[in-house]
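Step one of this worksheet: look at the structure below.
Only the coordinates and a few stated rules stand behind these numbers; no lab work does. Quick caveat, the model's predicted, so the values are computed rather than measured. Using ideal geometry, Cβ is built from the backbone for each residue, glycine included, and neighbour counts are taken over all protein chains shown.
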Amino acid sequence: MNLKVPDTPVVVVDLDKLETNIREMAEFAREAGVSLRPHIKSHKTVEIARKQMAAGAVGVTVAKLGEAEVMVEAGITDILIAYQVVGEAKLRRLMDLMGRATITVAVDTLPGARMLAEAARGRGRHVPVVVEVNSGLDRCGVLPGEETLRLVRQLLELPELIFKGLMTHAGQAYGASSPRQVAEIGRHEGEVMVATAGLLRKSGIPVETVSVGSTPTVKFSGRIKGVTEIRPGNYVFYDAIQHGLGVAPLERCALSVLATVISRPAPGRAVIDAGSKTFALDKGAHGTAVVQGFGVVKGLPGWQLTRLSEEHGILEDAAKMEREPEVGEVLDIIPNHACPVVNLTDRVLVVRSGKAVDEWRVAARGRVR
Ligand SMILES: Cc1ncc(COP(=O)(O)O)c(C=O)c1O
């Protein structure tokens with residue numbers, strides 16, 4: 001990148017690419033006839049959430065209450081907390097937030113649902129809930145089919161909870177070894193949810209929402225008839241993992257890290273001023289096997305970011321290419337996983353056509369409670 005940067009390491013967002021990614025996913029949702037409720041944990045930034053809303057999102061998804069608080073403060077008032085809200089302190093904050101916005105919460109156990117109902121009773125509130133279903137990730141989520149039906153019937157006994165529907169996240173797609181496998185996981189994600197919603201309806205239970213989504217699977221699960229909502233997050237940026245999975249070309253990756261070569265201590269080795277405190281040690285949360293090293297170095301074929309210590313990144317030239325980085329040179333690197341990179345920086349530099357045009361605060365960074 002020819003961009004003049006004040007200092008490095010710096011996380012850069014390419015505005016043209018970001019806007020293309022946002023627009024393209026909104027168009028997909030419109031064409032598939034589903035609502036788009038993007039997960040903002042990927043960017044944690046108010047400016048980006050506002051762009052997603054302007055492009056047609058019905059609201060946003062968050063993992064943590066702290067993220068929801070930041071979004072409500074920014075004027076976004078339809079929020080799904082796709083996460084179990086457990087514990088007194090959090091339930092108190094949730095009830096406070098419910099006075100200011102429409103907040104839907106995920107539940108997947110009866111004890112969790114009872115705690116939520118009790119907190120709501122104490123405050124005279126009614127909480128919209130979706131039941132999280134396990135479509136194969138084996139993280140949270142009740143099993144699809146009869147087990148989901150059993151839990152939903154129990155929830156219906158709790159008058160403070162308003163059952164809205166079902167949600168799932170097929171994050172196991174990140175462990176897929178081919179685009180075909182990603183597609184299969186995506187179709188399964190949609191089909192199993194639609195089948196479970198059908199079972200509930202057959203039992204006389206109305207199901208408004210059937211919510212699915214991860215960036216790799218959404219183009220498949222989102223097309224299954226009966227799915228009503230998609231929740232991709234990472235698509236705003238894409239990254240080396242998405243590229244490795246065949247989800248997006250490198251040219252669509254909107255976020256990168258600019259880092260300076262600080263040393264050339266040996267032939268075939270260069271060291272940059274960004275390590276795990278900039279890139280995170282992420283090689284994919286769910287067993288991704290599609291990346292080598294910790295990022296893709298643009299314009300330096302053959303060189304790989306093979307090792308990270310906290311403040312050093314070690315690049316090695318496995319292919320013994322001719323092009324040699326020089327001390328002082330600024331390199332542009334697409335990280336493996338954009339989401340934790342954003343969470344490690346206070347601000348991102350916003351560029352358009354190679355020129356810095358803005359700086360955005362990562363307002364919800366570190367909001368892990
Ligand atoms: C519950 C839930 N929904 C949606 C998403 C968005 O997935 P992705 O980042 O693959 O777009 C995530 C990601 O972690 C998630 O946990």
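Overview of values
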| item | result |
| --- | --- |
| Base-10 log of normalised Debye intensity for region 33-236 (one unit scatterer per alpha-carbon) at q = 0.09, 0.13, 0.18 Å⁻¹ | -0.31, -0.67, -1.27 |
| The chain: translational diffusion in µm²/s, Stokes-Einstein, Kirkwood Rh over Cα pairs, 4 °C, 1.567 mPa s | 61 µm²/s |
| Principal axis dimensions, largest first and in whole angstrom, of region 248-361 by Cα | 39, 35, 28 |
| When region 24-72 is reduced to its Cα atoms, the Kirkwood hydrodynamic radius in Å | 11.0 Å |
| Binned Cα-Cα distances of region 103-220, short to long, each 5 Å bin given as a whole percent | 2, 13, 22, 21, 17, 12, 8, 4, 2, 0 |
| GNM result for the chain, Cα springs below 10 Å: residue of Ala68, Ala176, Ala318 fluctuating most strongly | Ala318 |
| Straight-distance crosslink candidates among lysines, where the alpha carbon sits under 19 Å from Lys298 and sequence neighbours closer than 8 are dropped | Lys4, Lys17, Lys283, Lys320, Lys355 |
| Pairwise label distance in nanometres, Thr109 with Trp360, each label 7 Å out on the Cα-Cβ vector | 3.6 nm |
| Relative contact order for the chain, counting Cα pairs under 8 Å that sit 6 or more residues apart, in percent | 20 percent |
| Region 94-108 - phi-based ³J(HN,Hα) in whole Hz, Karplus 6.51/-1.76/1.60, Gly and Pro as x | 4, 5, 4, 5, 5, x, 10, 7, 7, 10, 10, 10, 7, 10, 9 |
| Separation of the Arg92 and Glu73 label points, Cα + 7 Å toward Cβ, nm | 1.9 nm |
| Per principal axis, descending, Cα span of region 1-132 in whole Å | 57, 40, 25 |
| Gaussian network model of the chain, springs between alpha carbon atoms under 10 Å - residue of Ala29, Ala170, Ala89 with greatest fluctuation | Ala89 |
| Separation in nanometres of the label points that stand 7 Å from Cα toward Cβ, at Val327 and Glu118 | 6.4 nm |
| Cα-centre dipole for the chain with unit charges at Cβ (Lys and Arg positive, Asp and Glu negative), debye to 20 | 820 debye |
| Amide H within-cut-off set for Asp358, under 5 Å, with H built and near neighbours excluded | Val350 |
| Computed FRET value (nearest 0.05) for Arg125 with Arg50, which takes r as the C-beta separation and R₀ as 35 Å | 0.80 |
